[in-house]
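See structure below.
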């Protein structure tokens with residue numbers, strides 16, 4: 001696989017990893033923020049009543065306010081669509097109030113209402129959950145930066161640039177040395193020496209004797 005083919009493949013892998021990390025981050029954030037439980041606020045009596053009413057109203061779907069001692073005024077707000085008939089729920093709530101705080105149906109006052117609560121994060125995350133969300137966020141951001149930077153980079157050349165080979169300097173051309181030709185006399189003397197070596201030797205001795213005289 002060439003470098004040009006690898007570049008789109010790396011971009012697709014980075015995009016897939018980013019989508020996977022972002023999806024996991026969204027899923028975990030929805031799971032953590034959607035299931036986090038708000039701790040009841042208020043007095044000890046109000047917190048106790050909240051814990052007692054949650055099994056019939058739903059977790060984190062009830063708010064309780066108790067004012068006065070004798071007589072007592074109890075305000076209970078339940079999360080949900082506006083209901084036309086709250087008598088079955090009121091009966092169950094009154095039974096819980098009578099058993100827990102000594103609620104007197106004749107003397108005390110109970111106000112029960114039901115309406116949709118505003119959505120929000122009412123509780124706090126644990127350190128592990130915060131670290132998990134932070135790590136997923138950093139991973140998604142890192143993959144996004146890698147994906148954007150890979151798109152801005154120019155296409156990698158499939159082949160290295162052609163380089164001009166360094167040619168060695170030309171060698172100086174020396175004129176060819178002409179072959180020396182032997183004179184005809186030398187060739188004839190050599191031929192005579194090969195044909196009549198004895199006569200040639202006598203002739204050479206005679207030349208030497210003549211040269212000495």
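All of the numbers you see were taken from the coordinates with simple rules; none came from a lab. Worth saying up front: this structure is predicted, and the values here are computed from it rather than measured. No Cβ is skipped: glycine too gets one built from the backbone with ideal geometry, and neighbour counts run over all protein chains shown.
Brief remarks on what is shown
- Potential extension, residue 19-residue 87 segment - 0.36 nm per residue separation minus Cα distance: 19.5 nm
- In this simple spin-label model, placing a label point 7 Å from the Cα along the Cα-to-Cβ direction at both residue 199 and residue 128 gives a separation of 12.7 nm.
- Cα-Cα pairs of segment 44-115 separated by more than 20 Å (percent): 21 percent
- Computed E for residue 100/residue 73 - FRET, C-beta separation, R0 22 angstrom, nearest 0.05: 0.90
- In nm, spacing of pseudo-spin labels at residue 145 and residue 51 (7 Å Cα→C-beta vector): 4.7 nm
- Extension reserve of the residue 11-residue 107 stretch, reckoned as 0.36 nm per residue once the Cα distance is removed: 27.2 nm
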